[in-house]
Amino acid sequence: MISKQIFLSLGLGTGRRFLLGLASFAALSLASPSLSLASDCTPKSVDLGNASPVKTGCGDLRIAFLSMGTNNTYLQAGIKGANDAAAEIGARIDVFDGGWTPVTQYNQVQNILSSGKYNAILGEIVDGKQACKILSEEAPKKNILVAISNNPLCGKDTAEGDALWTPGTITFVGGSQQRPAFREWIMWIAKQNPGPQKVILITGPELLSNTVNTNLAVKDVQSKYPDFKIVAELYTDYSLPQSYQKAVPALQAHPDATIIIACAGDLTRGAVQAARQANRLSAIKIYDGGGNEWAFDSVRKGIIASTRVLTPYTEQYAAIKAIGAAWKGERVPHYTPLETAIYTKATVGDTKPQY
């Protein structure tokens, strides 16, 4: 069933259109909640799968959004989605920039819990293990709803489906960056390139679940395609500058590399710049794992081989809408899956990205 699994469409692009993420970076706070959520002050009990349900439904909904960072277009599109959803449900939202640092995010959560200003949290967490107890146990005790997106809590990095959800929270929104999705994507790349291949892999922070799942997916692929070898894995903060800075020496160290796999749009752009500088852009195949506007344009021009679409706007938009539904006492699925698709020059057509 589609609600229980990730739907991966391998470049079939038949009429699918994603919500277009606006290019502008929205303000980090919306401060005009409507009365719609506050009008019904009958307390409602939200079952979080443990002994301490959260009471909701009275007063204005005030959400703290813990974003991993704000330094790339993926994150900015997610913030736009969160702000748009908050405006629709009449909630106030404040965005906290985690700076890709677990300690920073943990301190932010502590301050949020002690401030008494918020009754809901959307967590896009860098280190889900470190934030496990404070978000799934301490936050509910303070009657604060928690939804998690992108990176699961409590060591569930490699889980699938409903198992990505952590009791104490209302839902996990994601799936497009878990092991099955990465496995299907990289398996597809290996199928497109039979025979010995030397691959440079550019991914995110080493401890992030997305990176963990990418590495597990690579092992899955290599068990079937042993000649598909990763000769360099570059860990970054998902920014274009870091991708470029690390790709340049990697290309120098591996002059016989045949493929670059970059797990986010800005990483792919940095890889293209590095390959162009090394005069190897026409000799190496580059596969994008982000699906941003630049990647779509580069696929159409033949600069990169393909793009795998991610949906950052939908990810955070859906998470905020789930918080709004739970606040009103509605049942929310423990797992909200995202769709993804692969597009090549032959299939991209006029499909629009979210960022």
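The values are calculated or read from the model by the stated rules, or taken from the named source; none is laboratory data. Note that the structure is a prediction, hence the values are computed from the model and not measured. Heads up, the Cβs are rebuilt from the backbone with ideal geometry, glycines too, and the neighbour counts pull from every protein chain shown.
Residue-by-condition table, conditions (1) without any contact (Cβ under 8 Å) to a residue 60 or more places away in the chain; (2) assigned by TED's automatic domain parsing to the domain that holds GLY290; (3) surrounded by 24 or more Cβ atoms within 10 Å (Cβ to Cβ):
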| site | (1), (2), (3) |
| --- | --- |
| ASN107 | yes, no, no |
| LEU113 | yes, no, no |
| LEU122 | no, no, yes |
| CYS132 | yes, no, no |
| LEU145 | no, no, yes |
| ASP162 | no, no, no |
Is one or more of the residues making up the stretch 295-304 assigned by TED's automatic domain parsing to the domain that holds LEU122 and basic (Lys, Arg)? no
Only unsatisfied item for VAL309, checking (1) among the β-branched types (Val, Ile, Thr); (2) touching a residue at least 60 places away in the same chain (Cβ under 8 Å); (3) out of contact with any Gly (no Cβ under 6 Å at 6 or more places or on another chain), is (3)
Checked the stretch 237-286 for anything free of Cβ contacts under 8 Å to residues at least 40 places away in the same chain, over 17 Å from GLY302 (Cβ atoms) and either crowded, with 21+ Cβ neighbours inside 10 Å or of a type in the set (Ser, Thr, Tyr) (or both); matches are TYR244, ALA274
Those residues of the stretch 45-86 which are charged (D, E, K, R) and in contact with an Asp or Glu (Cβ under 9 Å, 6 or more places away or on another chain) amount to ARG62
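So if I check each of THR101, THR166, which one is among the hydroxyl-bearing types (Ser, Thr, Tyr), buried (at least 20 other Cβ atoms within 10 Å of the Cβ) and farther than 21 Å from THR311 by Cα?
Details: THR101 fails: buried (at least 20 other Cβ atoms within 10 Å of the Cβ).
Going through THR101, THR166 in turn, the sole match is THR166.
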Next on the checklist: Against the condition in contact with an Asp or Glu (Cβ under 8 Å, 6 or more places away or on another chain), assigned by TED's automatic domain parsing to the domain that holds ILE261, of a type in the set (Gly, Ala, Ser) and buried (at least 22 other Cβ atoms within 10 Å of the Cβ), how does GLY204 come out, does it pass?
Outcome noted: yes
Within the stretch 305-330, residues touching a helix residue (DSSP H, G or I) at 6+ places or on another chain (Cβ under 8 Å) and in a loop (DSSP other than H, G, I, E, B) come out as ALA305, LEU310
